[in-house]
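Every read-out reported here was derived from the displayed coordinates using simple, explicitly stated rules and does not represent laboratory data. The shown structure was predicted, so the numbers you read here are calculated from the model rather than taken from an experiment. Cβ atoms come from the backbone with ideal geometry, glycine included; neighbour counts cover every protein chain shown.
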Amino acid sequence: MSTPLAGRVALVTGASRGIGSAIARRLAADGAAVAVNYASNAAAADATVAAIERAGGRALAVAFDVGDSQAVRTGVARVVDALGGLDILVNNAGIARDGLVLRLKEEDWEAVLRTDLTGVFLCTKAAARVMLKSGWGRIVNVASVVAEIGNAGQAAYAAAKAGVIGFTKAVARELASRGITVNAVAPGLVASEMTAAIGDEQRAAYRLAIPLGRDAESAEVAAAVAYLASPEAGYVTGHVLRVNGGLYM
């Protein structure tokens, strides 16, 4: 088995289930020791850790709220102490509070931006301080196709994810000279718990707009993240890798 990330330490936020869990398991399969971050679902995080360990990998569950600056600093310090460093950060944690803009509550808008955008800023800031000391790092931010095409009823989510893309490009310029790349992956419709609530009629309409005609699997998004986290992607930075079946062309 190829282990391009052997000796590396990765932190994946929101990794207890869905896309985050798939990313954590893929990075572990590629040889990284993985910190599995979660906010509240300890059982799911422990299940992800157990799956990694059964496969021969090394993992650690770490609970902290990505929108809380002190919690982020403490969580990152714990990862460094427990796993011996931090080389790869995947900012995957995200929530959605859908609703047409005229009905969208201000507290829901704030909650989405706090987790989906401010959380990316806080985790990046804490992780980059560690990476700067070693002169090597990979930061991969999980955005979304709706950041670029919009989606009725998802103003907060689309705004936050569009912010992630702009943030990615700005920080890529800041950190490039220090051996740290910063990229984004923008999935389309992914078969996950977050999209399970989409009705059959709406799902069918989405699929009609996707040239490949199907949802993505979480493992396909994880594969894109794994590439951007790998040594092979050392000359790729500030890039948005679209994993959406051709939905955005």
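Once the other residues with Cβ under 13 Å from the Cβ of Ile149 are scored (Lys, Arg +1; Asp, Glu -1), what is the net sum? Residues near Ile149 contribute +1 overall. Considering only Ala176, Phe121, Val34, the residue lying farthest towards the positive end of the dipole of the range 9-243 is Ala176, judged by Cα position with unit charges set on Cβ.
In a reduced charge model with +1 at each Lys and Arg Cβ and -1 at each Asp and Glu Cβ, the chain shows a dipole moment near 600 debye about its Cα centre.
Can you tell me, using C-alpha contacts under 8 Å and at least 6 residues apart, the relative contact order of the range 9-243 as a whole percent? Before the final figure, lay out the partial values.
Details: 459 pairs, mean separation 46.6, N = 235.
So the answer I get is 20 percent.
Annotation: extensible slack from Leu132 through Ala47 equals 27.4 nm (criterion: 0.36 nm per residue apart, minus Cα-Cα distance).
For a quick check: sort Ser177, Ser69 by the number of other beta carbons within 10 angstrom, fewest at the front.
Values: Ser177 7, Ser69 16.
With the sparsest Cβ surroundings first, the list reads Ser177, Ser69.
Pick out, from Phe64, Val90, Ile139, the residue whose Cα sits farthest towards the positive end of the charge dipole of the range 9-243, with +1 on the Cβ of Lys and Arg and -1 on the Cβ of Asp and Glu. The one lying farthest along the dipole's positive direction is Ile139.
List the residue ranges in the chain for DSSP H helices whose C-alpha atoms run 24 angstrom or more along the long axis and whose Kyte-Doolittle average is 0.0 or above.
Details: long enough: 155-175 (30 Å, 0.73).
Sorted by number, the helices that extend far enough and score high enough are 155-175.
Taking the DSSP beta bridges with both ends in the range 9-243, the antiparallel portion is around 0 percent.
Restricting to lysine pairs 8 or more places apart or on different chains, what number in the chain have Cα atoms under 19 Å apart? Kindly include the intermediate steps, with their values, before the conclusion.
Working: Lys105/Lys161; Lys125/Lys133; Lys125/Lys161; Lys125/Lys169; Lys161/Lys169.
Lysine pairs satisfying the spacing and distance rule in the chain number 5.
So what's the back-of-envelope 222 nm ellipticity for the chain, counting only DSSP H runs of four-plus at -39500 (n - 2.57) apiece and dividing by all residues, rounded to 500? Rounded to the nearest 500, it is -14000 deg cm²/dmol. Taking only the Cα atoms of the range 116-194, the radius of gyration and Dmax are 13.7, 43 Å.
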